[in-house]
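Single-structure report; data block below.
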Amino acid sequence: MANATAIILAAGEGTRMKSNHAKVAHEILGKPMVCWVADAAIAGGCTRIVLVVGSHADEVRAIVGAAYGERADVSVECVEQTERLGTGHAVRCALEATGVDAGPVVVLNGDLPLARPETIRRFVESVADGVTAASILTITAPDPTGYGRIELDAGGNVIRNIEQKDCTPEQLETLHELNAGCYAFDGAKLAAHIGEIGHDNAQGEYYLPDMIEILRSHGDRVAVVHVNDYTEGLGVNSRSELARATRIARDRINDRLMAEGVTFIDPTQAWIGPDCTIGRDTVVWPQTFLIGDTHVGEDCQLGPQTRLTNVRAGDGCVIDETVAIDAVLENAVDCGPRAYLRPGTHMLDGSKAGTHVEIKKSTIGEGSKVPHLSYIGDTTMGSGVNIGAGSITCNYDGVHKHKTVIGDGVFVGSDTMMVAPAEIGDGALVAAGSVITKPVPADALGVGRARQTNIEGWAHKHREALKAQK
Ligand code: UD1
Ligand code: CA
């Protein structure tokens, strides 16, 4: 398909969100709304994405820069619409700033997160025939409030769009075909006629959907593409519409994953981001969140009460009541309940981070176990290590962070403080309750605690003395 451009309209104030942020910055399953739209356009075959920004422009630019700045396969640029004079004006700004005047041009409202890539592709193709000047996506929804109404003739051909505020009561009653806010244009025709949109309407704005009538007045063909699944055309203008879009996106994703062989105890209680993957026979327990670039292998148990952000987990892991961020878990790793794995945690095969365990920027070697009540930070741990309950790497001196190196097969007794920089050699044993301030050589016993003394009969004498005082 010839270089399709997508123009995404994201300059609006989003007044109905009652937010201090751009409407399109609000997230659905951990991904900003604008990226849902841009990703669908890219997956639908658009190679150049032009975002019209205005309200909270810096915030939107930053989101777009972070998401697409490094991508080589697609060009994503922002164009500023300094005055918000309507969707028609926004598109005109985009065309003027970029000089786009040919090829298929898809225009998408920035608040249309659920449009499917297949639909956008169908759209792009619809104007590539050299005959159709524009296509407009329509839906019939249970609640038509806020949508432009599409007037059709007896043969089902489109006549024009009438915004809700410009409709007569009779039009509101009889017109059921709704404008979804997704259009495809022949770029040359769009550029030639965009200047003809006026603003003589209830809102005094330049309405993009007026292009339908304008193109038709020039004898050009305009097609209506109706999608049966109206959720594709749901616009997000308010918080409750945002929550509804989240619900619909969640159900779509969980249905797909179930079809691929993932078990959900309750698919309404798991929120899996659109770019996450889960392998077959993994079981997802309630209150599980997978966010960002998170990938989980086969035969795992996820949750309950688990949040994984940018985590890669292999096969056969048990991740119970765990929060993990920017972490890698290899195969058969056992986490939680109540583990906190912070950025830079790398758990090798068969390792364990148990109950009330926090790990940061550390490698936990094969089969090594940190089962209870511990903090491990800035540590390289070998294989087959056992860390006793309540042991801590004291990695911070108030100014600097220091490293701990623990060799293979080390046994650390309970309640040990490893004051970093710390080094415990292969096969060493550290006595419970130690404060380790010096390196422990391989195969040595490290003891760093006061020696125990017993005073025979002391307790008995003490009790007798207390009784005598009564
Ligand atoms: C728009 C359509 C309506 C359609 C509905 C679908 C117009 C005039 N109306 O209405 O027919 O049924 O979407 O959801 O197009 N924007 C700009 N610059 C502007 C104005 C808006 O970039 O000057 C952006 C907004 O950020 C938003 C999008 O355009 O992402 C649509 O604007 P919005 O105000 O939400 O239009 P609706 O009233 O929903
Ligand atoms: Ca809208």
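The values are calculated or read from the model by the stated rules, or taken from the named source; none is laboratory data. As the structure is a computational prediction, the values presented were derived from the model and not from experiment. Every residue, glycine as well, gets a Cβ built from its backbone with ideal geometry; the counts of neighbours run over all protein chains shown. The accessibility values were calculated without ligands, DNA or RNA, using every heavy atom of the protein model including side chains. Shrake-Rupley method; radii C 1.70, N 1.55, O 1.52, S 1.80 Å.
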Only listed residue being within 16 Å of ligand 2 (Cβ to nearest atom) and at positive phi, chosen from GLY181, GLY130: GLY181
Quick one: which of ASP326, ASP251 is outside the structural domain of MET17 (by TED's automatic domain parsing) and at positive phi? ASP326
Based on this model, can you work out whether GLY65 counts as part of a helix (DSSP H, G or I) and within 16 Å of ligand 2 (Cβ to nearest atom)? no
Any idea which of (1) open to solvent by 10 Å² or more (accessible area, probe 1.4 Å); (2) of a type in the set (S, T, N, Q); (3) touching a strand residue (DSSP E or B) at 6+ places or on another chain (Cβ under 8 Å) is the one SER391 doesn't satisfy? (1)
Residue, farthest from ARG250 (Cα to Cα), within region 114-127, restricted to residues that are in a loop (DSSP other than H, G, I, E, B) and more than 16 Å from ligand 2 (Cβ to nearest atom): VAL127
Only one of GLU205, GLU213 is in the same structural domain as LEU112 (by TED's automatic domain parsing), touching a Ser or Thr at 6+ places or on another chain (Cβ under 9 Å) and within 16 Å of ligand 1 (Cβ to nearest atom), namely GLU205
Output the qualifying pairs, or none if there are none: Cβ atoms under 8 angstrom, residues six or more apart or on different chains, first residue in region 34-62 and touching a residue at least 40 places away in the same chain (Cβ under 8 Å), second residue among the hydroxyl-bearing types (Ser, Thr, Tyr) and surrounded by fewer than 24 Cβ atoms within 10 Å (Cβ to Cβ). GLY44/THR119; THR47/SER75; ARG48/SER75; ILE49/TYR68; ILE49/SER75; VAL50/THR98; GLY54/THR82
Only one of (1) of a type in the set (Lys, Arg); (2) surrounded by fewer than 19 Cβ atoms within 10 Å (Cβ to Cβ); (3) farther than 22 Å from GLN301 by Cα does not apply to LYS360, and that is (2)
Residues that are of a type outside the set (S, T, N, Q), at least 3 per element: which strands (runs of 3 or more DSSP E) completely within region 325-393 meet that? 339-341, 352-360, 369-377
In region 144-162, what residues are among the aliphatic types (A, V, I, L, M), touching an Asp or Glu at 6+ places or on another chain (Cβ under 7 Å) and more than 9 Å from ligand 1 (Cβ to nearest atom)? LEU152, ILE159
Just name the residue that is farthest from GLU163 (Cα to Cα) out of those in region 206-242 that are free of Cβ contacts under 8 Å to residues at least 60 places away in the same chain and within 16 Å of ligand 2 (Cβ to nearest atom). SER240
Lone qualifier among ASP415, ASP397, ASP426 - being at pLDDT below 95 and either in contact with an Asp or Glu (Cβ under 6 Å, 6 or more places away or on another chain) or assigned by TED's automatic domain parsing to the domain that holds VAL318 (or both): ASP397
All but one of (1) touching a strand residue (DSSP E or B) at 6+ places or on another chain (Cβ under 8 Å); (2) in a loop (DSSP other than H, G, I, E, B) hold for ARG280, so report the exception by its number. (1)
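Could you tell me how many of the residues in region 186-213 are assigned to a helix (DSSP H, G or I), open to solvent by 20 Å² or more (accessible area, probe 1.4 Å) and out of contact with any strand residue (DSSP E or B) (no Cβ under 6 Å at 6 or more places or on another chain)?
The number of residues fulfilling the criteria is 7.
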Evaluate the following for LEU234: is it within 16 Å of ligand 1 (Cβ to nearest atom) and in contact with a helix residue (DSSP H, G or I) (Cβ under 9 Å, 6 or more places away or on another chain)? yes
Yes or no: region 164-171 includes at least one residue that is touching a strand residue (DSSP E or B) at 6+ places or on another chain (Cβ under 9 Å), loosely packed, with under 13 Cβ neighbours inside 10 Å and assigned to a loop (DSSP other than H, G, I, E, B). yes
Out of all the residues in region 228-286, which are aliphatic (A, V, I, L, M), within 16 Å of LEU308 (Cα to Cα) and surrounded by 18 or more Cβ atoms within 10 Å (Cβ to Cβ)? ALA270, ILE272, ILE278, VAL284
The listed residue being away from ligand 1 (no atom under 11 Å from the Cβ) and not assigned by TED's automatic domain parsing to the domain that holds GLU13, out of THR168, THR246: THR246
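This table checks each residue for (1) over 22 Å from the mean Cα position of the chain (by Cα); (2) surrounded by fewer than 24 Cβ atoms within 10 Å (Cβ to Cβ); (3) within 11 Å of ligand 1 (Cβ to nearest atom).
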residue	(1), (2), (3)
ASN3	yes, yes, no
ALA10	no, no, yes
LEU51	no, no, yes
ALA62	no, yes, no
THR82	yes, yes, yes
GLY103	yes, yes, no
VAL107	yes, no, yes
GLY110	no, no, yes
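Please count how many residues of region 133-163 are under 30 Å from the mean Cα position of the chain (by Cα), away from ligand 2 (no atom under 16 Å from the Cβ) and crowded, with 19+ Cβ neighbours inside 10 Å.
Qualifying residue count for the region: 0.
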